[in-house]
């Protein structure tokens, strides 16, 4: 399995968002979750989106993850305009381009870790033996090769989240989208999960992580702050080509 | 997304809730089993009735005097001669010129009597008649011989007994032949034992004894009118022709006017195969008409049984919808996860449809097995006969039930928006 995303044109951004608006409800009771967001994420970047609850970061993540569509604005994912795709096409884009890591893990209960990791490949119609090989490779990347036959409720929270990361990267997606990946974890488990994300970033994967904690965001190469549906700050911590800033320390911690 | 993959997910979903799946399957099992079994019971009873009527002979006509049931008392001779059948009437029917389609005519006088042999006794219907009765009533002798026309002419006290009488008095058929039994105190020599017949209802068709007409009159029934006249037509096809011929002869002999004759036609069209008008001095029971009437009656009966069973199948189907709705609600989050990792709408739809179809097909197959097992037993005196069509129908219907009753919940699952499904607690 390739450990790097497929090589594309270097200048083409993975995400290009222009004047993105999202309005929930209509007229009087309308809620403006996004009020014109502009964002560009290059291949190999590791971006933390910071913001308090209600700042619109979850809405942005849903739109970037093709789980929702914007009210207006343009969104290019890997050069494809996905703003106005229908549901079936969005499902296809999700399967091919995006790997999700959720705060609450979202593993399917009563399915083994391996089966959970294989799930996206199953929907892609891949053959069983090939699927297993790729899933085992992904599990070895997150250090869970010995836990593949366990059910999600038989492993710890940190291990569940690492299973979820393995599921996210098994299809070699263009983008890994992590929504508060450490929100339900204790400090030690958080460190494990962040170490895995750091390592994936060091291998060249593109990661967007949503968080409201600054010490978590400190793992990213770039920090974006959101307030009231707008991007207020955009700080590059380390260069795009450099390894993630806390890679060394997280390795030391684990 | 391969079909096998969808089936695998569906199996997985069902096995996660084994008790629930089993109970839902049970609903379909009962429905399908009931349809197959009840239709088999209806079919079996219809076959049984047909077989019994055919046992009597489909080419026979029975002529009764007066209304049904009244001729039984004619043995005592109290009924007036004008409305009772006589031996002369029977001889009149045996006229080849005016009744070419009549093969044989057997006058019958009958009564119930106690038969005894060395201390054992049993009650039997004693029929006094001519030798042609054996063939007309489809009562062949299994052991021994028939009585003959000579026995009738000389009024010999000989008898052919039914299987039940032979069993009750002698234990075996062979032991009975040649012995002398006592019928209401008079000795009769057993010439033969009749072949056992199938029995419907409460009367035992084998608790009979057939003796010469003359000797039965001599010792048991007296010289009154006949109980009935059994007429055998030349073939099943000529039964209706023979019916009109003997009706014409008897109308003339008994002085029936044409107006009452017309009334009998109306009565016949009511579907009973016999003249039921009480003003009529005689009635003709036509076996072939009785057969078609009872066939259509038992068909209605079968359809009715099937319809009742189909209701339980419908209830089972609603059970599937119910349980699938619960399943979909319960697994909303799972649906959201599957959608987030890229499951298209069709895959979700397929998975839940496959689950409901698996439930119903599994129930259907078990229902067929249950129906088969159930049909091994005799139910309310009927040996069920499985109708092959009902199995094909049951399988087809159970697949359709799964698709139909599962489509609403499956569609609901497939149309869920991933973000809302993921947010569901």
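The values are calculated or read from the model by the stated rules, or taken from the named source; none is laboratory data. Worth saying up front: this structure is predicted, and the values here are computed from it rather than measured. All Cβ positions, even for glycine, are placed from backbone atoms using ideal geometry, and neighbour counts span all protein chains on display.
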- What strands (runs of 3 or more DSSP E), lying completely within region A:175-254, carry at least 3 residues that are surrounded by fewer than 22 Cβ atoms within 10 Å (Cβ to Cβ)? A:222-227, A:230-236
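Quick grid of which residues meet (1) within 14 Å of another protein chain (Cβ to nearest Cβ); (2) assigned to a helix (DSSP H, G or I); (3) touching a residue at least 60 places away in the same chain (Cβ under 8 Å):
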| position | (1), (2), (3) |
| --- | --- |
| B:8 | yes, yes, no |
| B:13 | yes, yes, yes |
| B:21 | yes, yes, yes |
| B:24 | no, yes, yes |
| B:31 | no, yes, yes |
| B:38 | no, yes, yes |
| B:46 | no, yes, yes |
| B:52 | no, yes, yes |
- Enumerate the helices (runs of 4 or more DSSP H) found wholly within region B:198-291, keeping only those where 2 or more residues are modelled with pLDDT of 80 or more and not assigned by TED's automatic domain parsing to the domain that holds residue B:44. B:213-216, B:239-254
- Residue tally, condition surrounded by fewer than 22 Cβ atoms within 10 Å (Cβ to Cβ) and either under 23 Å from residue B:8 (Cα atoms) or touching a residue at least 40 places away in the same chain (Cβ under 8 Å) (or both), over region A:85-94: 2
- Message: Checking the condition in contact with a helix residue (DSSP H, G or I) (Cβ under 6 Å, 6 or more places away or on another chain) and within 14 Å of chain A (Cβ to nearest Cβ), which residue from B:357, B:341 passes?
- Response: B:341
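Listed here are the residues, each with its yes/no results for (1) more than 30 Å from residue B:41 (Cβ to Cβ); (2) assigned by TED's automatic domain parsing to the domain that holds residue B:30; (3) outside any loop (DSSP other than H, G, I, E, B).
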residue: B:339; (1), (2), (3): yes, yes, yes
residue: B:360; (1), (2), (3): no, yes, yes
residue: B:370; (1), (2), (3): no, yes, yes
residue: B:396; (1), (2), (3): no, yes, yes
residue: B:403; (1), (2), (3): no, yes, yes
residue: B:407; (1), (2), (3): yes, yes, yes
residue: B:416; (1), (2), (3): yes, yes, no
- Note on region B:177-194: residues farther than 21 Å from residue B:140 by Cα and touching a helix residue (DSSP H, G or I) at 6+ places or on another chain (Cβ under 8 Å) are B:183, B:184, B:186
- Message: Any residue that is in a loop (DSSP other than H, G, I, E, B), out of contact with any helix residue (DSSP H, G or I) (no Cβ under 6 Å at 6 or more places or on another chain), away from chain B (no Cβ under 14 Å) and buried (at least 21 other Cβ atoms within 10 Å of the Cβ) - is there at least one of those in region A:28-45?
- Response: yes
- Which numbered condition residue A:171 misses (of (1) closer than 25 Å to residue A:132 by Cα; (2) more than 12 Å from the chain's Cα centre (by Cα); (3) assigned to a helix (DSSP H, G or I)): (3)
- Of the conditions (1) outside any loop (DSSP other than H, G, I, E, B); (2) within 10 Å of chain B (Cβ to nearest Cβ); (3) at pLDDT 90 or above, residue A:108 clears all except one; give me its number. (1)
- Selected residue (criterion: nearest to the other protein chains (Cβ to nearest Cβ)) from residues of region A:115-134 that are surrounded by fewer than 16 Cβ atoms within 10 Å (Cβ to Cβ) and within 24 Å of residue A:88 (Cβ to Cβ): A:125
- Message: From the list B:391, B:386, exactly one residue is away from chain A (no Cβ under 14 Å), under 18 Å from residue B:310 (Cβ atoms) and part of a loop (DSSP other than H, G, I, E, B). Which is it?
- Response: B:386
- Matching residues in region A:60-78 - criterion: being without any contact (Cβ under 8 Å) to a residue 60 or more places away in the chain and out of contact with any helix residue (DSSP H, G or I) (no Cβ under 6 Å at 6 or more places or on another chain): A:63, A:69, A:71, A:72, A:73, A:74
- Query: (1) farther than 21 Å from residue B:36 by Cβ; (2) crowded, with 21+ Cβ neighbours inside 10 Å: which one isn't true of residue B:349, the others all being true?
  - Reply: (2)
- Task: Being modelled with pLDDT under 90, outside the structural domain of residue B:221 (by TED's automatic domain parsing) and under 32 Å from the mean Cα position of the chain (by Cα) narrows it down to one of B:8, B:47, so name that one.
- Result: B:47
- Message: Which of the strands (runs of 3 or more DSSP E) found entirely inside region B:89-161 contain at least 2 residues meeting this: within 13 Å of residue B:183 (Cα to Cα)?
- Response: B:102-117, B:120-129, B:158-161
- Taking residue A:83 and the conditions (1) under 21 Å from residue A:197 (Cα atoms); (2) part of a loop (DSSP other than H, G, I, E, B); (3) more than 10 Å from chain B (Cβ to nearest Cβ), which numbered condition does it fall short on, given that it satisfies the others? (1)
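Rundown of residues vs (1) buried (at least 21 other Cβ atoms within 10 Å of the Cβ); (2) away from every other protein chain (no Cβ under 14 Å); (3) part of a helix (DSSP H, G or I), yes/no style:
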| site | (1), (2), (3) |
| --- | --- |
| B:303 | no, yes, yes |
| B:312 | no, yes, yes |
| B:316 | yes, yes, yes |
| B:329 | no, yes, yes |
| B:335 | yes, no, yes |
- Query: Got a number for residues in region A:86-105 being assigned to a loop (DSSP other than H, G, I, E, B) and within 8 Å of chain B (Cβ to nearest Cβ)?
  - Reply: 1
- Please work out if residue A:19 is assigned to a strand (DSSP E or B) and without any contact (Cβ under 8 Å) to a residue 40 or more places away in the chain. no
